Amino acid sequence: MRIISIANQKGGCGKTTTAVNLGAALASNNRKVLLIDFDPQAHATVGLNVQAKISIYNCLSKLSPEKATLQDIIVNIDNNFDLAPSNIILTTLEQELANEIGRENHLQDTLSAFKNDYDYILIDCPPNLGILTVNAICASNEVIIPVEPSRFSVEGLSRLIDIIDLIQNRLNHTVSHNVLVTMFDSRLKYAFRILAELRSKFRECMFSTIIHVNVKLKESQSSGSSVMGFDKYSRGAKDYFSLAKEMLSMGKQVEKGTEFVVSKKMRELVSAHLPKLNKVTLKLDFPGAKEVYIAGDFNNWSKDPSSAMIGTNGSWNKRLSLKPGQYHYRFVVDGNWITDPGNPLQEKNPYGEYDSLLKIGA
Ligand SMILES: Nc1ncnc2c1ncn2[C@@H]1O[C@H](COP(=O)(O)OP(=O)(O)OP(=O)(O)O)[C@@H](O)[C@H]1O
Ligand SMILES: [Mg+2]
């Protein structure tokens, strides 16, 4: 299990592009990936075409009237690839945490209960070294530092590395860092000069993979997809596939290491003592709907923020963790209660309408 922050206080150096496309490339290598959009600009969320009413803010804020768990907010993007979305309200978390004790550990605490579900958790950080970035680094074992070879890109890197070292000294685990050269333009002489400078400065703390300038990376972001989904034969896709391969080869020790073995053992112990919960994802295609909730006897038929479904391009979904049994439910689309049109199992309710039936086996 690896938790990796993608951080650099310099804006526009390829953090989000790396988070989204590395995530997609790892997922296509059969690794379960959760991408946490931890930037109030929500570029990863928007870039993956997700509109989320509740976000990572609702998991971390004590003041939020709409509290949620990480599980509540997660949106499935593709096979093996999930997103914990962000939105602009995350900016207020900085002020909210300003005077709190243990404020650096909020994300770490939130992830600790959850991390066994994934092989990789990637955290897309905002372009500053504020409390959100510090929270992300505290929760991570690794930091990827994307650097675009330009005149000012190398300045400021030592400040970020100082902060990583400082955090590491306070934690009980190591946080390694690796520089990733992004937006490399081989037509430019000075790009080679900066590359040589970075190589001599960072040596083994630098990926051999280089991400070249490629317009498909920009286009895929505007089309709401990773570059793998947009054009898997493009240079951008090949570069991020290479980065994923390099990450996987670096990670063999981590995957086989003590932490992984212990957590697997823990997982077995915990699952032996807890009632088995099954994960089901309920889906509804309803283009044009503004808000959709799922209400049933598993949530006391309540229509609150935690029962809001997450919509992408008119397709709505909600992941539930349920004990074996039989459940009744209905969707609430813009205030109208409807039966699940995709589920033939129905039962007449006391109001003469039909509830959908969900059967979860043992
Ligand atoms: N290799 C690349 N080739 C071409 N365009 C790229 C490349 N990488 C990123 N871009 C484009 O550069 C812009 C900035 O990239 P990105 O959003 O990934 O940076 P960022 O570090 O996350 O920015 P911010 O600091 O604002 O969060 C985007 O428009 C993106 O599409
Ligand atoms: Mg970004």
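Kindly indicate the residue of segment 118-153 that is out of contact with any strand residue (DSSP E or B) (no Cβ under 7 Å at 6 or more places or on another chain) and under 16 Å from Val181 (Cβ atoms) and also modelled with the lowest pLDDT among those meeting that condition.
Arg151
Which of (1) open to solvent by 10 Å² or more (accessible area, probe 1.4 Å); (2) without any contact (Cβ under 8 Å) to a residue 60 or more places away in the chain is the odd one out, the single condition His43 does not satisfy?
Here His43 meets the rest and fails (2).
How do the helices (runs of 4 or more DSSP H) wholly within segment 86-163 filter down when requiring 1 or more residues that are within 16 Å of ligand 1 (Cβ to nearest atom): which remain?
By residue number, 91-97, 131-139.
Which one of Phe286, Phe298, Phe241 is at pLDDT 70 or above, within 20 Å of the chain's Cα centre (by Cα) and of a type in the set (Phe, Trp, Tyr)?
Just one listed residue meets the conditions, Phe241.
Among the residues of segment 8-39, which ones are within 10 Å of ligand 2 (Cβ to nearest atom) and either open to solvent by 10 Å² or more (accessible area, probe 1.4 Å) or over 13 Å from the mean Cα position of the chain (by Cα) (or both)?
Asn8, Gly11, Gly12, Cys13, Gly14, Lys15, Thr16, Thr17, Val20 - these are the residues of segment 8-39 that are within 10 Å of ligand 2 (Cβ to nearest atom) and either open to solvent by 10 Å² or more (accessible area, probe 1.4 Å) or over 13 Å from the mean Cα position of the chain (by Cα) (or both).
Could you tell me whether any residue of segment 55-71 is within 20 Å of Tyr293 (Cα to Cα), within 16 Å of ligand 2 (Cβ to nearest atom) and open to solvent by less than 10 Å² (accessible area, probe 1.4 Å)?
yes
Counting only residues that are within 25 Å of Lys67 (Cβ to Cβ), give me the strands (runs of 3 or more DSSP E) lying completely in segment 293-361 with at least 3 of them.
Correct list: 310-312, 315-322, 325-333.
Any residue that is in contact (Cβ under 8 Å) with a residue 12 or more places away in the chain, in contact with a Leu (Cβ under 8 Å, 6 or more places away or on another chain), within 14 Å of ligand 1 (Cβ to nearest atom) and not in a helix (DSSP H, G or I) - is there at least one of those in segment 236-248?
Looking for residues that are in contact (Cβ under 8 Å) with a residue 12 or more places away in the chain, in contact with a Leu (Cβ under 8 Å, 6 or more places away or on another chain), within 14 Å of ligand 1 (Cβ to nearest atom) and not in a helix (DSSP H, G or I), one finds none in segment 236-248, hence no.
Exactly one of (1) surrounded by 12 or more Cβ atoms within 10 Å (Cβ to Cβ); (2) touching a residue at least 24 places away in the same chain (Cβ under 8 Å); (3) out of contact with any Leu (no Cβ under 7 Å at 6 or more places or on another chain) is unmet by Asn349. Its number?
(2)
Looking only at segment 199-219, count every residue that is within 16 Å of ligand 2 (Cβ to nearest atom) and either in contact with a His (Cβ under 6 Å, 6 or more places away or on another chain) or free of Cβ contacts under 8 Å to residues at least 60 places away in the same chain (or both) and tell me the total.
Of the residues in that region, 1 qualify.
Has segment 197-215 got any residue that is more than 16 Å from ligand 1 (Cβ to nearest atom) and either in contact with a Cys (Cβ under 7 Å, 6 or more places away or on another chain) or part of a strand (DSSP E or B) (or both)?
yes
Could you check segment 17-56 and list, in sequence order, the residues that are closer than 18 Å to Asp231 by Cβ and within 10 Å of ligand 1 (Cβ to nearest atom)?
Thr17, Thr18, Val20, Asn21, Gly47 - these are the residues of segment 17-56 that are closer than 18 Å to Asp231 by Cβ and within 10 Å of ligand 1 (Cβ to nearest atom).
Which residues, taken from segment 314-338, are modelled with pLDDT of 90 or more and open to solvent by 30 Å² or more (accessible area, probe 1.4 Å)?
Once the filter is applied, which keeps residues that are modelled with pLDDT of 90 or more and open to solvent by 30 Å² or more (accessible area, probe 1.4 Å), segment 314-338 yields Ser315, Gln326, Tyr327, His328, Asp334, Gly335, Asn336, Trp337, Ile338.
Kindly indicate the residue of segment 72-82 that is of a type in the set (D, E, K, R) and under 24 Å from Ser242 (Cα atoms) and also least open to solvent (accessible area, probe 1.4 Å) among those meeting that condition.
Once the filter is applied, the top-ranked residue is Asp82.
Among the residues of segment 302-330, how many are over 26 Å from the mean Cα position of the chain (by Cα) and free of Cβ contacts under 8 Å to residues at least 24 places away in the same chain?
Of the residues in that region, 1 qualify.
Scan segment 103-121 and report the pairs whose first residue is under 18 Å from Ala24 (Cα atoms) and whose second residue is open to solvent by 30 Å² or more (accessible area, probe 1.4 Å), with Cβ atoms within less than 8 Å and a gap of 6+ or a chain change.
So the pair list comes out as Asp117/Lys32; Tyr118/Lys32; Asp119/Arg31; Asp119/Lys32; Asp119/Glu255; Tyr120/Arg31; Tyr120/Lys32; Ile121/Lys115.
The values are calculated or read from the model by the stated rules, or taken from the named source; none is laboratory data. Just so you know, these numbers come straight off a predicted model, no measurement behind them. FYI the Cβ positions are ideal-geometry reconstructions off the backbone, even for glycines, and counts take in every protein chain you see. Side chains are part of the model used for accessible areas, which takes the heavy atoms of the whole protein and leaves out ligands, DNA and RNA. Shrake-Rupley method; radii C 1.70, N 1.55, O 1.52, S 1.80 Å.
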